[in-house]
Each structure stands twice: as structure tokens, then as C-alpha cells.
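Here the structure comes first, spelled out in C-alpha cells, and everything after it is commentary.
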Amino acid sequence: MPLQSKLPDVGITIFTVMSKLAAEHGAINLSQGFPDFDAHADLIDLVARYMREGKNQYAPMQGVALLRQRIAEKVQSIYGATVDAEKEITVTAGATEALYAAITSVVRPGDDVIVVEPAYDAYVPAIQLNGGRPLYVPLRFPGYEMDWDRLADTLTDHTRLIILNSPHNPTGKVWRPEELEALARITSGRELFILSDEVYEHIVFDGQPHQSMLRHPELAAKSFVVSSFGKTYHTTGWKIGYCVAPAALTVEFQKIHQFLTFTANTPIQMAYANFMQRSEHYQQLAGFYQSKRDLFLELMKPSRFKALPCAGTYFQMMDYSAISHEPDTTFARRLTTQHGVAAIPPSVFYHDGADHRVVRFCFAKQDQTLIQAAERLCRI
Ligand code: PMP
Ligand code: GLN
């Protein structure tokens, strides 16, 4: 019997494609977002310790209680949000699972979902699998500003969910406080929810505070706020994330979560719970990555690439129009195979393949890696 794909337009993600190409050609991999340096040795020791101590069976479905407690303490201390660790937090198998569970919790066939483009590639397939219709609002190139009036105009009577992401992958754009105010005005009195992807919450530069939905009680009351330990602790391969949402939303979220994965692995949750007491780690993370951004920008100055503003995340967008007029997918491929540096072509993050002759580089790399990559990029 022929299989009718539920996702006929979906192929293998660009991250897998580019990392594979980089490996095949021995290129420096600045494409897929992950650090090429290790997690803190103490964090790794803690995982090993909990494994040896026999913490190897199922964690509670909602997540290890102490970890949820630590998450509640963190969002209280940073965002001033009072969150019930029992009823409003779920630990997930990466932010990816949390995104899927949140979308599945609220999106029904025929619902509209607002997606801001360029959009991280996990959102739209989840909307479609739930029978929803994505409605796209583009960030305005080249500053990637949000057009809030356009977002307001895009809302329909069927709009059920707005998906937002700050700090934003791939552009590095971050919300300003007045933007949360605009969002609150637009959504006030409407029956819709917000999914706020904040996986880079601790990577906001130039002294700016992260504008979490959790800072804004009116927005928090309708939001699923998603984060990822992978980004914060240099452990993207461990795949642990979490979702903070009001109790009524968390009930629905957990109905999905318990049958997607049931729970995330125990020893790593326990290790994070222990390590999170060292709040200096996430407090220093923005400074750590800002130095890398600044090093990469400095190294790239002599090149023909033109850097676009980057206020957060560990991604730097670069305009290559002075070098080539090729489509970004062609250019990114050639950059990898001929010049030995892999990058992500952002056109894949647009439903219509919008192409601004820009590529995304990941600077979550050792300084030596960035130096070598920049050397190659400056020769082009
Ligand atoms: N959202 C965004 C914007 C991301 O960049 C990523 C990156 N990996 C994720 C979600 C998924 O996070 P995780 O690896 O924890 O599933
Ligand atoms: N979020 C990472 C990126 O944007 C990669 C995630 C993945 O490989 N699925 O590069």
C-alpha cells in the first residue's frame, strides 16, 4: 500500500544535512548550533555519580521534583515570576519535545497559528500534524525588526496560537520591553495562546535583560515558555528542556508529554538540579558568548562578509552579497565543499524560501576554531 506522507514537503533537516556535508568534506562546522567544547567537568561528574548511586530508573512523569524546584527558583529570581513547581513546570526531552507537546496541546484541525519568519524548523511540521494552518509574519530584513501591526492584521477568528522566539534563531534578534507591551495589547481579550521559545534565554548581549514572557503576568497567563538545558550548559546532546505554563495549560501539556516520552532521563535531571545551584554559570553565559561574538566579528572584519546585528543566541548572520549572487543554499554548500567552512542557509527557515544572500554561522566554538574558520572565510 502506498504510504501517504503526512508531511509531504518535509525532508531531512538542514542541520543534519549541513553537519553531514561538513564531515564528508572535513570542513569546520559552523552550521548546526552546538559547542565544540565540553560541559563543565563537575556537571559530567555529577551525572556519573548519580548513575553510580543507582538513579537509573524512571523519573516522575513531570520531571525530578528538585529540578522543577530549582527552575521555579530561577524564574522567580530572574524574571520575578512566581511559578508552582508542582503544577506549572514539566521537564521534557529537549526543548523540541516541549515545542511539540505545547503545539499539540492547543492546536486543533482548522486552527490558525502565527509563525514569525525566519522560523526554527520544528514549529511548522508540528502545527501541520495537528491539522493547524501556519500564518506567516516576516521579520523585516535587514534589521529583522518585528512588525507588530502586521502581526495584529494577521490574526483571524481562528487564531489559536502565536509562536515567538527570543533570542531569535537564526537572526539573533531579541525582544525589547515595549515589544512585550505591544504583544499584550494585541492579544488582550483574545482567546489565544502564546508559545514562547526562549531556549537562548541566558545568551542576550550588551547588558540587555532577556524579555521573558514570564516577566509579564498578563502574557505569562496565556503562555507556554520553553527553555533548553542543552544551550545553557553546553550539553546539546543530553536533550533536556522544560516548559513553564499556567496549571490549566500544564495539565493538557502533560497529557501529551506522558505519551510522547513519559519522562526525561533521571541522572541528568538530578545533575542539573545540583549544578543549577551555581547560578553564576548562567549569569556569566551571556558574557562568555559575547566575547566569542566579538572575537568572530573582529576576525571577520577584513573579509567581504558583512555582519548583521546580533543581540543574542550563538549565531551570527552574515551578508555575502559582495562575494556572490548565488542562492544561499548553493553558496552554503560551496562554502563547505570548496572553502572548508559550513554554514546554514536561512532561506530554509521561510515557507517561500525567501533568500537575502545571508548565511548563519555558529560561534559556540573554541577561539581556535573561530580563528581557523575566519582565516578561510577572509580568503574568499
Ligand atoms: N528552539 C530553538 C530556537 C533552537 O535553536 C533549538 C535548538 N536546538 C531548539 C528549540 C531545540 O532545543 P533542544 O535541543 O533542547 O531540543
Ligand atoms: N538548534 C540548532 C541550530 O539551530 C540545531 C538543532 C538541531 O540540529 N536539530 O543549529
Considering the stretch 95-148, residues that are under 13 Å from the mean Cα position of the chain (by Cα) and among the small types (Gly, Ala, Ser), and then whichever is farthest from ligand 2 (Cβ to nearest atom), we arrive at ALA98
Note on SER223: of the conditions (1) within 15 Å of ligand 2 (Cβ to nearest atom); (2) buried (at least 23 other Cβ atoms within 10 Å of the Cβ), unmet is (1)
Of the conditions (1) under 23 Å from PRO167 (Cα atoms); (2) open to solvent by 50 Å² or more (accessible area, probe 1.4 Å); (3) within 16 Å of ligand 2 (Cβ to nearest atom), the single one that PHE349 does not satisfy is (2)
Reported set for the stretch 197-220 where residues are in contact with a strand residue (DSSP E or B) (Cβ under 8 Å, 6 or more places away or on another chain) and either within 16 Å of ligand 2 (Cβ to nearest atom) or free of Cβ contacts under 8 Å to residues at least 24 places away in the same chain (or both) is ASP197, GLU198, VAL199, TYR200, GLU201, ILE203
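Among the residues of the stretch 54-83, write down those that are in a loop (DSSP other than H, G, I, E, B), under 16 Å from PRO217 (Cβ atoms) and open to solvent by less than 80 Å² (accessible area, probe 1.4 Å). Before the answer, list the steps.
The first filter runs over the stretch 54-83 and keeps only residues in a loop (DSSP other than H, G, I, E, B), leaving 54-64, 80-83.
Then keep just the ones that are under 16 Å from PRO217 (Cβ atoms); that gives 80-83.
GLY80, ALA81, VAL83, listed by residue number.
Answer yes if at least one residue in the stretch 315-327 is touching a residue at least 60 places away in the same chain (Cβ under 8 Å), assigned to a loop (DSSP other than H, G, I, E, B) and over 23 Å from the mean Cα position of the chain (by Cα), and no otherwise.
Our first condition is that a residue be touching a residue at least 60 places away in the same chain (Cβ under 8 Å); within the stretch 315-327, this holds for 315-317, 319.
With assigned to a loop (DSSP other than H, G, I, E, B) added as a condition, the list becomes none.
Among the residues of the stretch 315-327, not one is touching a residue at least 60 places away in the same chain (Cβ under 8 Å), assigned to a loop (DSSP other than H, G, I, E, B) and over 23 Å from the mean Cα position of the chain (by Cα), which makes the answer no.
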With criteria (1) in a helix (DSSP H, G or I); (2) farther than 30 Å from GLU53 by Cβ, GLN269 comes up short on (2)
In the stretch 358-380, anything open to solvent by 60 Å² or more (accessible area, probe 1.4 Å) and of a type in the set (Lys, Arg) is listed as ARG376, ARG379
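State whether the residues of the stretch 142-155 include one that is in a strand (DSSP E or B), in contact (Cβ under 8 Å) with a residue 40 or more places away in the chain and not small (Gly, Ala, Ser).
no
It is to be established whether one or more residues within the stretch 157-164 are in a loop (DSSP other than H, G, I, E, B) and either modelled with pLDDT of 95 or more or open to solvent by 10 Å² or more (accessible area, probe 1.4 Å) (or both).
yes
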Scanning the stretch 110-138 residue by residue, the ones that are more than 13 Å from ligand 1 (Cβ to nearest atom), in a loop (DSSP other than H, G, I, E, B) and crowded, with 21+ Cβ neighbours inside 10 Å total 1
Filtering the stretch 84-108 down to residues that are assigned to a helix (DSSP H, G or I) and open to solvent by less than 20 Å² (accessible area, probe 1.4 Å) yields GLY94, ALA95, GLU97, ALA98, LEU99, ALA101, ALA102, ILE103, VAL106
SER223 fails exactly one of (1) touching a residue at least 60 places away in the same chain (Cβ under 8 Å); (2) polar (S, T, N, Q); (3) farther than 30 Å from ASP45 by Cβ, namely (1)
Scanning the stretch 239-296 residue by residue, those open to solvent by 60 Å² or more (accessible area, probe 1.4 Å) and of a type in the set (A, V, I, L, M, F, W, C) turn out to be ALA248, VAL251, PHE259, LEU260, PHE262, PHE288
Those residues of the stretch 14-40 which are without any contact (Cβ under 8 Å) to a residue 40 or more places away in the chain and either open to solvent by less than 60 Å² (accessible area, probe 1.4 Å) or touching a helix residue (DSSP H, G or I) at 6+ places or on another chain (Cβ under 7 Å) (or both) amount to VAL17
Somewhere in the stretch 283-293, is a residue closer than 18 Å to ASP197 by Cβ, in a helix (DSSP H, G or I) and touching a Ser or Thr at 6+ places or on another chain (Cβ under 6 Å)? no
Reported set for the stretch 171-200 where residues are within 14 Å of ligand 1 (Cβ to nearest atom), among the hydrophobic types (A, V, I, L, M, F, W, C), under 18 Å from ALA245 (Cα atoms) and not in a strand (DSSP E or B) is VAL199
Subset of the stretch 331-370, residues within 12 Å of LEU30 (Cα to Cα) and part of a helix (DSSP H, G or I), comes to ALA332, LEU335, THR336, THR369, LEU370
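Only one of these is crowded, with 23+ Cβ neighbours inside 10 Å, in contact with a Ser or Thr (Cβ under 7 Å, 6 or more places away or on another chain) and among the charged types (D, E, K, R): ASP355, ASP328. Name it.
On the way: ASP355 fails: crowded, with 23+ Cβ neighbours inside 10 Å.
When all the criteria are applied, what remains is ASP328.
I'd like to know if the stretch 204-217 contains one or more residues that are within 12 Å of ligand 1 (Cβ to nearest atom) and open to solvent by less than 10 Å² (accessible area, probe 1.4 Å).
So the first thing to find is which residues in the stretch 204-217 are within 12 Å of ligand 1 (Cβ to nearest atom), and the list is none.
No, that holds for no residue.
The values are calculated or read from the model by the stated rules, or taken from the named source; none is laboratory data. These numbers come from a predicted model, not from an experiment. Methodologically, a virtual Cβ is constructed for each residue, glycine included, from the backbone with ideal geometry; neighbour enumeration extends over all protein chains shown. Note: areas computed on protein heavy atoms with side chains; ligands, DNA, RNA excluded. Shrake-Rupley method; radii C 1.70, N 1.55, O 1.52, S 1.80 Å.
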